[in-house]
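The structure appears right after this line, and notes come after that.
The values are calculated or read from the model by the stated rules, or taken from the named source; none is laboratory data. Fair warning: this is a prediction, and the values are worked out from it, not measured in the lab. Here Cβ is always computed from backbone atoms with ideal geometry, including for glycine, and neighbour counts include all displayed protein chains.
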Amino acid sequence: MMLLEIENLAVEVGGKRILNDINLSIAEGETHVLLGPNGAGKSTLFLTILGFPQYDVVKGSIKFKGQDITGLTTAERVQLGIGVSFQSPPSIRGVSVRDLLKIESHQDMDEDLNPRMQELAKQLKFSDEFLDRDVNFGFSGGEVKRSEILQLLAQMPDFTMFDEPDSGVDIENVELLASEIGTLLDKDKPPRSRKRSGLLITHLGYILNFVSADKAHVLMNGVISCSGNPTEILEDIRKNGFNGCVECAQCL
Ligand code: ADP
Ligand code: MG
Ligand code: MG
């Protein structure tokens, strides 16, 4: 079954065309990766799928689980099973990490944080005191990313998008994050029994050293210039840069 189906999508921000002719389908259990240089439109696609109102879909459609979600609000999309890890999430004064985790795992606010979340917090190297800090306020780069992943583990969405989970994070944190990203994408199950899907957005593909992907897409100047085998596409980008993608063997 196709989980996400994007057809002939064109997107404008503030009247300026950013994305054109985007076609992208992700089946149940699949992980795709979106590569591309800075300014290509990767985050624009991410925020459009999430349904941020500034991103005007001027052509095409986005379907999720067979339903056209192009006109739905972000909250409605999250309700349907879409989860996200932002590249630079906002800080939230007055809301602790613990509070947010309770909300995301549908707990009462006056209960103790459930044992599963306490265990996951430990795995992600968060102390009990850390959980009482305001979300993202004064967090280091690695702490921000680990807190994003912890919140996703509370939700366990059917489809998760990660915007540059490997940017501004040291190697130790990337390995830790990758293992939990694997959990969110059912990597601990054999390929055929995977149900959860995801889209990993990455500038240079560093995260692919730690998380496997089924298919890669290259976004350049707002269009998908190439789609295919992640290993071959990465090799091509490393040899020829992103420009080489336009006429690489994958798409000829
Ligand atoms: P990437 O994530 O691949 O680096 P972005 O999606 O952030 O690329 O940006 C793609 C293009 O869209 C850039 O030229 C950027 O300046 C433009 N853009 C993105 N968001 C906005 C916005 N809110 N207003 C105006 N232009 C924007
Ligand atoms: Mg971006
Ligand atoms: Mg090509």
Task: Criterion violated by G94 - all others in (1) among the small types (G, A, S); (2) farther than 19 Å from F162 by Cβ; (3) outside any strand (DSSP E or B) satisfied - done: (3)
Open item on the list: Name the single residue that is farthest from P191 (Cα to Cα) among those in the range 35-64 being of a type in the set (A, V, I, L, M, F, W, C), near ligand 2 (Cβ under 10 Å from one of its atoms) and surrounded by fewer than 23 Cβ atoms within 10 Å (Cβ to Cβ).
Closed with: L47
Open item on the list: Checking A213 against (1) modelled with pLDDT of 95 or more; (2) farther than 20 Å from A40 by Cβ: exactly one of these is not met. Which one?
Closed with: (2)
Open item on the list: Suppose we filter N221, N229 for residues that are under 14 Å from H32 (Cα atoms), surrounded by fewer than 16 Cβ atoms within 10 Å (Cβ to Cβ) and within 16 Å of ligand 3 (Cβ to nearest atom); which single one remains?
Closed with: N229
TODO: Could you tell me whether I6 is modelled with pLDDT of 95 or more, crowded, with 21+ Cβ neighbours inside 10 Å and in a strand (DSSP E or B)?
DONE: yes
Task: Residue list for the range 161-180, filter: within 13 Å of the chain's Cα centre (by Cα), without any contact (Cβ under 8 Å) to a residue 40 or more places away in the chain and in a loop (DSSP other than H, G, I, E, B) - done: none
Task: Scope the range 33-77; condition within 16 Å of ligand 1 (Cβ to nearest atom), of a type outside the set (V, I, T), in a strand (DSSP E or B) and more than 16 Å from the chain's Cα centre (by Cα); matching residues - done: Y55, D56
Open item on the list: I'd like to check something: does the range 89-97 contain any residue that is at pLDDT below 95, touching a helix residue (DSSP H, G or I) at 6+ places or on another chain (Cβ under 8 Å), of a type outside the set (A, V, I, L, M) and within 28 Å of L150 (Cα to Cα)?
Closed with: yes
Task: Cβ pairs under 8 Å, 6+ apart, first in the range 83-98 and touching a residue at least 24 places away in the same chain (Cβ under 8 Å), second surrounded by 18 or more Cβ atoms within 10 Å (Cβ to Cβ) and among the aromatic types (F, W, Y) - done: G83/F159; V84/F46; V84/F162; S85/F162; S91/F139; V97/F126
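Conditions tested, residue by residue: (1) small (G, A, S); (2) buried (at least 17 other Cβ atoms within 10 Å of the Cβ); (3) within 16 Å of ligand 3 (Cβ to nearest atom).
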| position | (1), (2), (3) |
| --- | --- |
| L152 | no, yes, no |
| P157 | no, yes, no |
| D166 | no, yes, no |
| S179 | yes, no, no |
| D186 | no, yes, no |
| K195 | no, no, no |
| L200 | no, yes, no |
| N209 | no, no, no |
| K215 | no, yes, yes |
